[in-house]
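Input: a single structure, listed below in structure tokens.
Each value in this text was obtained by applying a stated rule to the coordinates, not by laboratory testing. Please read all numbers here as calculations on a predicted model, not as lab measurements. Backbone-built Cβ (ideal geometry, glycine too); neighbour counts: all protein chains shown.
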Amino acid sequence: MVEQGTEDVKQPASVFWSPDSTKLITYITDSRNSGRFTSIQYVPPDQLRPKAYSVVYPLPGEVLAKAEPIIFDIQSGKRIDVKSPPIDLPFQDGPGFEWTPDNKTIFYDYDDRGFKTKEIRTIDPDTGEQRVVLREHSDQYVDPGETFYRFDHETGELLLASERDGWNHLYLYSKTGQLENQITQGAWAVRQIEYVDEKNRRVYFLAGGREKNEDPYQTHLYSIGFDGKGLTLLTPENANHSISVSPDGMFFVDNYSRADWPGESALRRSKDGSEVRVLEKTDVSKLQSDGWKFPEPFQGKAADGTTDIYGLIWKPSNFDPSNKYPIVEHVYTGPQDFFVPKTFGGMLRLQSVAELGFVVVMIDGRGTAGRSRAFHWFSYRNLGGSFEDHVAMIKQIAAHNSYMDIDRV
């Protein structure tokens, strides 16, 4: 709006083309009755007075904007209306659609207002007929960031991540939406699907919390059969692993590090995780020669006295353990994610704060994502209550570190 100088912003339409470019799907947005929010540009370049912009931004209880999906056949110009009720848009963005490789099906997911239900829907692009393949429901909420999915385009089967058994795990559904089996299980959480080997019916995924004596937020790459058999750890190093799989699934690049270890990048074989070669190692010698120090991980108990929680400490480069340092906590309590860095270089700007003479801490308390469902749901209708874990943890850290001034937080 600031760039164009108007609230009626000109922007390209959201268009999702079929792989063969014979059809496209887009949508019409109706926000006429939606709540609006006013923003002020206090120093506009072309006038003395502040400038007001009104944008669609419904608050709780107000009317949401709605989207109506439509399909166009490019050769004939025919418009095909999708036989769906208007789709509520809780935020400013619209729905996202994907096509199957054979151009015969469009699919998308829909979260209802309040996020208690997620539906995975398919559309016939020739008729506009819509079908709900799968409906995931919770009396608390179905987290849209945790509930991801992937289709097997060979069979039409669906792999879904769900917290339904208390941890985020993968489930296999038939193309008609019938549960075939649970793929992964245990007291650990699947975080992302990286690759689906449709021919050999194996899925490659990132997960955290399975490896003992590690920070449970650190992710490792695993593979497992669709039938739940043959679970294989492919990245054994005690670190957080970020993965890029080759298009044919034969290899992957593994970037791994921790907040207190610079790590490296390696090329590995997907079948067993064996290393082809190291691609690069991070060299921090110059940083360290200038006095820079790694942030320090710490572990303690939540306010309940039993739940393990984790965090990081940043100290100034001229740190003197005989001094008393005020404490600054950089805090965000979720619930849509966790926030303490797990890789090298994360939140480097907090070192700048520490250099001003502070000890800086970050903590992921109960209510954030990446752990069990019970841990996650602690923040449900309790967003303010999650701060009690941060208070408890800071007190624990200060009790073990005399340089921290608990009276100045």
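With θ taken as phi - 60° and the Karplus curve 6.51 cos²θ - 1.76 cosθ + 1.60 applied, the whole-hertz 3J(HN,Hα) list for the range 151-156 is 8, 8, 6, 6, 10, x Hz, x standing for glycine and proline.
Of Asp364, Asp272, Asp112, Asp8, how do they rank once you tally other Cβ atoms within 10 Å and put the fewest first? Please list the in-between numbers first.
Details: Asp364 28, Asp272 10, Asp112 13, Asp8 7.
Starting with the residue having the fewest Cβ neighbours, the order is Asp8, Asp272, Asp112, Asp364.
Which order do Ile28, Ile313 fall in if you start with the one that has the fewest other Cβ atoms within 10 Å?
Working: Ile28 13, Ile313 18.
Listing Ile28, Ile313 from fewest to most nearby Cβ atoms yields Ile28, Ile313.
Rounded, prolate or oblate: pick one for the range 1-151, where a ≥ b ≥ c are the square roots of the eigenvalues of its C-alpha gyration tensor, a/c under 1.5 means rounded, and failing that, prolate if a/b is larger than b/c, else oblate.
Details: a/c = 2.55, a/b = 1.48, b/c = 1.73.
Oblate, since a/c reaches 1.5 and b/c is not below a/b.
Pairs exceeding 23 Å between alpha-carbon atoms, taken from Lys212/Lys342; Lys199/Lys281; Lys116/Lys212: Lys199/Lys281; Lys116/Lys212. Fully extending the segment from Asn382 to Ser246, taken as 0.36 nm per residue of separation minus the present Cα-Cα distance, adds 44.7 nm. Scalar couplings 3J(HN,Hα) for the range 167-176, obtained by applying the Karplus form with A = 6.51, B = -1.76, C = 1.60 to θ = phi - 60°, are 9, 7, 9, 9, 10, 10, 10, 6, 5, 8 Hz; x denotes Gly and Pro.
Full extension of the segment from Leu287 to Lys78, taken as 0.36 nm per residue of separation minus the current Cα-Cα distance, would add 69.1 nm.
Taking chymotrypsin sites (Phe, Trp or Tyr not before Pro) across the range 53-123, the ones in a DSSP loop with at most 13 further Cβ atoms lying within 10 angstrom of their Cβ are Phe91. Approximating the spin labels as points 7 Å out from Cα along Cα→Cβ, the Tyr332-to-Ala399 distance works out to 3.0 nm. Using +1 at the Cβ of each Lys and Arg and -1 at the Cβ of each Asp and Glu in the chain, identify which of Phe91, Gly300, Val409 lies farthest towards the dipole's positive end. Projecting each Cα onto the dipole axis, the largest value belongs to Val409. Of the listed values (1) 187, 60, 40; (2) 68, 50, 41; (3) 78, 66, 43, grab the one calculated as Cα extents along the principal axes in Å from the structure here. So the structure-derived entry is (3). The calculated FRET efficiency for Ser54 paired with Lys229, based on their beta-carbon distance and R0 = 35 Å, is about 0.05.
Among His153, His400, His220, His241, the ranking by other beta carbons within 10 Å of each residue's beta carbon, starting with the fewest, stands as His400, His153, His241, His220. Here's the picture: charge each Lys and Arg Cβ at +1 and each Asp and Glu Cβ at -1 in the chain, and of Ile193, Gly263, Ile25 the one pushed furthest to the positive end of that dipole is Gly263. Between beta-carbons, use under 14 Å as the cut-off and find the net charge around Gly145, counting Lys and Arg +1, Asp and Glu -1. With Lys, Arg at +1 and Asp, Glu at -1, the net is -3.
Counting residues in the range 138-282 as N, plug N into 2.2 N^0.38 Å and put the Cα Rg over that result.
On the way: Rg = 15.5 Å, N = 145, 2.2 N^0.38 = 14.6 Å.
Compared with the compact-globule rule of thumb, the range 138-282 sits at 1.06.
Using R₀ = 35 Å, calculate the FRET efficiency as 1/(1 + (r/R₀)^6) where r is the Cβ-Cβ separation of Ser352 and Asp88; round to 0.05.
Working: r = 42 Å, r/R0 = 1.20.
E between Ser352 and Asp88, to the nearest 0.05, is 0.25.
Taking amide H as placed 1.01 Å from N in the peptide plane, the amide H of Ile309 sits under 5 Å from that of Gly300, Lys301, Ala302, each at least 5 places away or on another chain. The calculated FRET efficiency for Ala13 paired with Phe37, based on their beta-carbon distance and R0 = 35 Å, is about 0.90.
Suppose every Lys and Arg Cβ carries +1 and every Asp and Glu Cβ carries -1, with no other charges. What dipole size does the chain come out with about its Cα centre, to the nearest 20 debye? Walk me through the intermediate numbers first.
Details: 46 positive and 60 negative charges, 58 e Å.
For this selection, approximately 280 debye.
Model label sites at Arg131 and Asp112, defined 7 Å from Cα along the beta-carbon direction, differ in position by 2.2 nm. Under a model in which nothing but the beta-carbon of Lys, Arg (+1) and Asp, Glu (-1) is charged, the range 81-221 shows a dipole of about 280 debye around its Cα centre. Label point of Lys104 set 7 angstrom out along Cα-Cβ; within the range 1-21, amide nitrogens under 16 Å from it belong to 19-20. Residues of the range 181-208 falling in the label zone of Leu279, defined by backbone nitrogen less than 15 Å from a point 7 Å along Cα to beta-carbon, are absent.
The HN-Hα couplings worked out from phi for the range 331-343 by the Karplus form 6.51 cos²θ - 1.76 cosθ + 1.60 (θ = phi - 60°) are 10, 8, 9, x, x, 7, 6, 10, 9, 5, x, 10, 10 Hz, whole numbers, x standing for Gly and Pro.
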